Amino acid sequence: MSYRVRLFFLSLFVAPVSSLSAMPDTPTEALPSVAAYPNTERQVLVEDHFGVKVADPYRWLENDVRTDPRVRAWVTAENEVTDAYLASLPARATFAQRIRQLFDYERYGVPVKKGGRYFYAKNEGLQNQAVLYVRDRLDGPARMLVDPNLWSADGATALGEWVPSDDGKHLLYSVQDGGTDWRSLRVIEVDSGRLLADEVKWVKFSSLDWAKDGSGFFYSRFPEPATERQYQSLNENQTVYFHRLGSPQAADRLVYADPARPKLNNSAEVSDDGRWLIVSSSEGTDERYDISLIDLAKPDAPPRRFVTGLANDWRYIGNKGDTFYWVTNLDAPRLRIVATDIDKPVTALKEIVAEDKATLDQASIVGDRLIASYLVDAKTEVRTFTREGTRTSTVALPGIGTASGFAGDGSDSETFYAFSSYNRPTTIYRYDSATGATSLFAEPKVAFDPAAFAVEQRFYRSKDGTRVPLFLVHRKDRPLDRPAPTLLYGYGGFNISLTPSFSAANLAWIEQGGVLAVANLRGGGEYGKAWHDAGRLANKQNVFDDFIAAAEYLIAQGVTTNRQLAIHGRSNGGLLVGAVVNQRPDLFAAALPQVGVMDMLRFDRFTAGRYWVDDYGFPSKADDFRKLLAYSPYHNIRGGTDYPAILVSTADTDDRVVPGHSFKYVAALQAADLGDKPRLIRIETRAGHGAGKPTEKIIEEYADQWAFIAHWTGMEVL
């Protein structure tokens, strides 16, 4: 899949928060009690894997909750127990109220300029979904184009990806229902606001791009799945189509397919000059692409295989005639910018911007400048260059944080970017690449003082001596001079970097005097390919060691204690939390494994799971199997050991990490002798892996999680 699609496809994550004041030992009689857990059927199912007998007594919980009444009854019973427990937590209402207040501010997305018009998303504050607007000039009045809040009563139908045509006359957008990764595509006429009859279904993990003449658009889709397997079927045989406006989907033209390699993802984008369709093909989550070029002036000509071998990262960033510009990690583990002549072999490339000690995160061409964003110890630095590679300037950013955006093309020097940090809500800026001038486009008005919160970066040593970055966030009037309840967040996988970002929910936590800690574990992309490789496949244990070392560092430095430390992770981060709880249950007071990959022997059998072998390995291979079994959360629960309080979270429509992972894991937790603390599961309905979740559901989820962790870390909520 292309880099743009990969960013959407890979697991979503929201940096967590921290806890509060010093924690005395909590009297047992003060603790809310858990009603008896549901009686979960335990089946006799033992399989032989390379001579190792492996039990899987809860496999029946992999069945889809929509079609299996037994699983549905189990979900209902578990939610009843969890809801009753969470309702007894006194901080729940306080957190819900404050998080709602902090969410209630205008939030803008980065504008996209097409045909002289400016398209952008905006949420007034507590709207369940952001609304799409257009301005006919930069300082002109805003006109609403798409309001997804009108699409469903529960607010769970969301506006997904969207892209205007180059002339600004039409807008293509996707509809996401109930959190699923599946999309339907619709088109609106911008002048009139009229919704066209065009509708395209069964789109997933797709880039969207218009033909330059606005006659139609390119998209990728999978075959329609069987109804009973809609949310669990493997994603194979992705193909690229062209849809001409005014025609039915059945008439869409097949543009690219590779039936001999059904596991490839294929996504397409149109070159800046409109002459070429660039098809990026990949087999997993690694940035290893084949590139095929299709001459749109000769639609019957076969695709030109430009890059083959699935060996390196190749991201198209623009072209001028036959000269194409790319970001690549070929001979540059921290990436560089190169130019190629498409009439010559790709090996005859020209280096434009050499590899740097900092990691190149993204690049674009805006006017006559290259704009390159780098990660410097997990913080953004933006540099500009001429097209020949001469350094021209550094974009002045407001502070330590994350800048994203800078989309554009070679014909216009105007672009926009977003900046945020742990104490700074997202602010949108306009940037002129010709003059270097920055101006404000949209600044939020918030119900707190950002200057009242401190963001600092430290470094600690992992088990093998590796130096790992750690961000700490706290109130300035609550310095780190005495232990406080603390929430440690991590991810550590798929080359994803954790950079500073703002969360209203996190702030509600920090306001109470807590500490937020975010560890930049190996397996991420903070320091390029070597950092990623050091935390995947046979090296996956390094990720867990890094996270455990972060916890030990926080305790040794007096930031917190093991009775005040909670941990949180989502998706691959949920796997992280499950694994370290098994390995070091003594370190943590509470844990929030969310939408996690918990069964490492069967993850590749459902939906997008087959892609993850790039980071995890193949359960069907003996060497990989043994490594996976050694840390699989579901298979390594240590009965007879006191575990922290655990609140697992998942959703019934999660077709990224299917909820069966969490179902089986919590059933095994509840069956084991792990001490008196609760092991609960919160199962959201009409929600998926995270994208498209309504604001109200987000508020409720965080209020539940923070109240749970606050109780078990001894937080005194004011």
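Does segment 685-703 hold any residues that are open to solvent by 10 Å² or more (accessible area, probe 1.4 Å) and at pLDDT below 95, and which are they?
Residues satisfying the conditions are Thr685, Arg686, Gly690, Ala691, Gly692, Lys693.
Taking the options Ala77, Ala96, Ala84, name whichever one is in contact (Cβ under 8 Å) with a residue 12 or more places away in the chain, out of contact with any Ser or Thr (no Cβ under 8 Å at 6 or more places or on another chain), closer than 30 Å to Pro450 by Cα and not in a loop (DSSP other than H, G, I, E, B).
Numbers: Ala77 fails: closer than 30 Å to Pro450 by Cα; Ala84 fails: closer than 30 Å to Pro450 by Cα.
Among Ala77, Ala96, Ala84, only Ala96 is in contact (Cβ under 8 Å) with a residue 12 or more places away in the chain, out of contact with any Ser or Thr (no Cβ under 8 Å at 6 or more places or on another chain), closer than 30 Å to Pro450 by Cα and not in a loop (DSSP other than H, G, I, E, B).
Please find, within segment 101-119, the residue that is most open to solvent (accessible area, probe 1.4 Å) out of those that are touching a Pro at 6+ places or on another chain (Cβ under 8 Å) and either part of a strand (DSSP E or B) or of a type in the set (D, E, K, R) (or both). Break it down stepwise before answering.
Initially, segment 101-119 is screened for residues touching a Pro at 6+ places or on another chain (Cβ under 8 Å), giving 105-108, 112, 114-115, 117-119.
Next cut, either part of a strand (DSSP E or B) or of a type in the set (D, E, K, R) (or both) only: 106-108, 112, 114, 117-119.
Values: Glu106: 76, Arg107: 57, Tyr108: 51, Val112: 48, Lys114: 48, Arg117: 33, Tyr118: 15, Phe119: 0 Å².
Among residues in segment 101-119 that are touching a Pro at 6+ places or on another chain (Cβ under 8 Å) and either part of a strand (DSSP E or B) or of a type in the set (D, E, K, R) (or both), the one most open to solvent (accessible area, probe 1.4 Å) is Glu106.
Of these, Val46, Val71, Val54, which one is without any contact (Cβ under 8 Å) to a residue 12 or more places away in the chain and under 30 Å from Phe618 (Cα atoms)?
Numbers: Val71 fails: without any contact (Cβ under 8 Å) to a residue 12 or more places away in the chain; Val54 fails: without any contact (Cβ under 8 Å) to a residue 12 or more places away in the chain.
Every option except Val46 fails the conditions.
Could you say whether any residue in segment 478-485 is assigned to a strand (DSSP E or B) and touching a helix residue (DSSP H, G or I) at 6+ places or on another chain (Cβ under 8 Å)? Please lay out each step first, then the result.
Here is the first cut: in segment 478-485, the ones assigned to a strand (DSSP E or B) are none.
For segment 478-485, residues assigned to a strand (DSSP E or B) and touching a helix residue (DSSP H, G or I) at 6+ places or on another chain (Cβ under 8 Å): absent.
Tell me yes or no: at least one residue of segment 689-696 is assigned to a helix (DSSP H, G or I) and out of contact with any Lys or Arg (no Cβ under 7 Å at 6 or more places or on another chain).
As a first pass, look at segment 689-696 and keep what is assigned to a helix (DSSP H, G or I): 695-696.
With the extra rule that they be out of contact with any Lys or Arg (no Cβ under 7 Å at 6 or more places or on another chain), the set shrinks to 695-696.
Yes, segment 689-696 has at least one match.
So, in segment 148-164, how many residues would count as being farther than 17 Å from Ser206 by Cβ, open to solvent by 30 Å² or more (accessible area, probe 1.4 Å) and outside any helix (DSSP H, G or I)?
Of the residues in that region, 3 qualify.
Kindly indicate whether Asp599 is touching a helix residue (DSSP H, G or I) at 6+ places or on another chain (Cβ under 9 Å), acidic (Asp, Glu) and either open to solvent by 10 Å² or more (accessible area, probe 1.4 Å) or modelled with pLDDT under 95 (or both).
Numbers: touching a helix residue (DSSP H, G or I) at 6+ places or on another chain (Cβ under 9 Å): yes; acidic (Asp, Glu): yes; either open to solvent by 10 Å² or more (accessible area, probe 1.4 Å) or modelled with pLDDT under 95 (or both): no.
Taking the combined requirement at face value, the residue does not satisfy it.
Just to check your reading of the model, which residue among Tyr527, Tyr553 is out of contact with any helix residue (DSSP H, G or I) (no Cβ under 9 Å at 6 or more places or on another chain), open to solvent by 10 Å² or more (accessible area, probe 1.4 Å) and not in a helix (DSSP H, G or I)? Write out each step before concluding.
On the way: Tyr553 fails: not in a helix (DSSP H, G or I).
Being out of contact with any helix residue (DSSP H, G or I) (no Cβ under 9 Å at 6 or more places or on another chain), open to solvent by 10 Å² or more (accessible area, probe 1.4 Å) and not in a helix (DSSP H, G or I) holds for just one of Tyr527, Tyr553, which is Tyr527.
Scan segment 158-196 for residues that are free of Cβ contacts under 8 Å to residues at least 24 places away in the same chain and over 17 Å from Arg143 (Cα atoms) and jot them down.
Of all residues in segment 158-196, those free of Cβ contacts under 8 Å to residues at least 24 places away in the same chain come to 183-184, 186, 189, 191-192, 194-195.
Residues satisfying the conditions are Arg183, Ser184, Arg186.
Can you find a residue that is part of a strand (DSSP E or B) and of a type in the set (A, V, I, L, M, F, W, C) anywhere in segment 599-606? If you could, list the steps in order and put the result at the bottom.
Taking segment 599-606 as the starting set, the residues that turn out to be part of a strand (DSSP E or B) are none.
No, segment 599-606 has no match at all.
Going through Arg229, Arg221 one at a time, which residue ends up being at pLDDT 95 or above, among the basic types (Lys, Arg) and under 25 Å from the mean Cα position of the chain (by Cα)?
On the way: Arg229 fails: at pLDDT 95 or above.
Sole residue among the options that is at pLDDT 95 or above, among the basic types (Lys, Arg) and under 25 Å from the mean Cα position of the chain (by Cα): Arg221.
Looking at (1) over 30 Å from Asp623 (Cα atoms); (2) surrounded by fewer than 19 Cβ atoms within 10 Å (Cβ to Cβ), which is the one condition that is false for Gln564?
The single condition Gln564 does not satisfy is (2).
Can you name the residue in segment 76-92 that is open to solvent by 50 Å² or more (accessible area, probe 1.4 Å), over 28 Å from the mean Cα position of the chain (by Cα) and not polar (S, T, N, Q) and is also farthest from Ala505 (Cα to Cα) among such residues?
Glu80
Of the conditions (1) open to solvent by 10 Å² or more (accessible area, probe 1.4 Å); (2) closer than 17 Å to Gly573 by Cα; (3) not aromatic (Phe, Trp, Tyr), Arg478 clears all except one; give me its number.
Status for Arg478: all satisfied but (2).
Let's see how each residue does on (1) modelled with pLDDT of 95 or more; (2) exposed (fewer than 12 other Cβ atoms within 10 Å of the Cβ); (3) touching a strand residue (DSSP E or B) at 6+ places or on another chain (Cβ under 8 Å):
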{"site": "Glu41", "(1), (2), (3)": "yes, no, no"}
{"site": "Glu47", "(1), (2), (3)": "yes, yes, yes"}
{"site": "Gly51", "(1), (2), (3)": "yes, yes, no"}
{"site": "Thr67", "(1), (2), (3)": "no, no, no"}
{"site": "Trp74", "(1), (2), (3)": "yes, no, no"}
{"site": "Ile99", "(1), (2), (3)": "yes, no, no"}
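Within segment 442-468, track down each residue that is farther than 17 Å from Gly399 by Cβ and open to solvent by less than 40 Å² (accessible area, probe 1.4 Å).
Taking segment 442-468 and keeping what is farther than 17 Å from Gly399 by Cβ, we get 442, 445, 447, 458-468.
The answer is Ala442, Tyr460, Ser462, Gly465, Thr466, Val468.
Go through segment 244-261 and count every residue that is farther than 28 Å from Ile188 by Cα and either exposed (fewer than 14 other Cβ atoms within 10 Å of the Cβ) or modelled with pLDDT under 95 (or both).
2
Scan segment 363-380 residue by residue and report those that are farther than 16 Å from Glu414 by Cβ and more than 21 Å from the chain's Cα centre (by Cα). Please lay out each step first, then the result.
Pass one, segment 363-380, residues farther than 16 Å from Glu414 by Cβ: 363, 372-380.
Residue satisfying the conditions is Ala372 alone.
Which one of these does Gly675 not meet: (1) crowded, with 24+ Cβ neighbours inside 10 Å; (2) modelled with pLDDT of 95 or more?
Gly675 satisfies every listed condition except (1).
Just one of Ser433, Ser497, Ser439 is at pLDDT 95 or above, open to solvent by 40 Å² or more (accessible area, probe 1.4 Å) and touching an Asp or Glu at 6+ places or on another chain (Cβ under 9 Å); which is it?
Values: Ser433 fails: open to solvent by 40 Å² or more (accessible area, probe 1.4 Å); Ser497 fails: open to solvent by 40 Å² or more (accessible area, probe 1.4 Å).
Result of the check over Ser433, Ser497, Ser439: Ser439.
Search segment 447-459 for residues that are under 11 Å from Asn423 (Cβ atoms) and pair each with any residue that is of a type in the set (A, V, I, L, M, F, W, C) and in a loop (DSSP other than H, G, I, E, B) when their beta-carbon atoms are under 8 Å apart and the residues are at least 6 apart or on different chains.
Val455/Ile400
Restricting the search to segment 596-618, which residues are more than 21 Å from Leu264 (Cβ to Cβ) and either touching a residue at least 40 places away in the same chain (Cβ under 8 Å) or of a type in the set (Lys, Arg) (or both)?
Just the residues of segment 596-618 that are more than 21 Å from Leu264 (Cβ to Cβ), to begin with: 596-602.
Hits for segment 596-618 are Gly596, Val597, Met598, Asp599, Leu601, Arg602.
The values are calculated or read from the model by the stated rules, or taken from the named source; none is laboratory data. Quantities reported herein were computed from a predicted structural model and do not represent experimental measurements. Here the Cβ is made from the backbone with ideal geometry for all residues, glycine too, and neighbour counts use every protein chain on show. The area values use the complete protein model at the heavy-atom level, side chains included, leaving out ligands, DNA and RNA. Shrake-Rupley method; radii C 1.70, N 1.55, O 1.52, S 1.80 Å.
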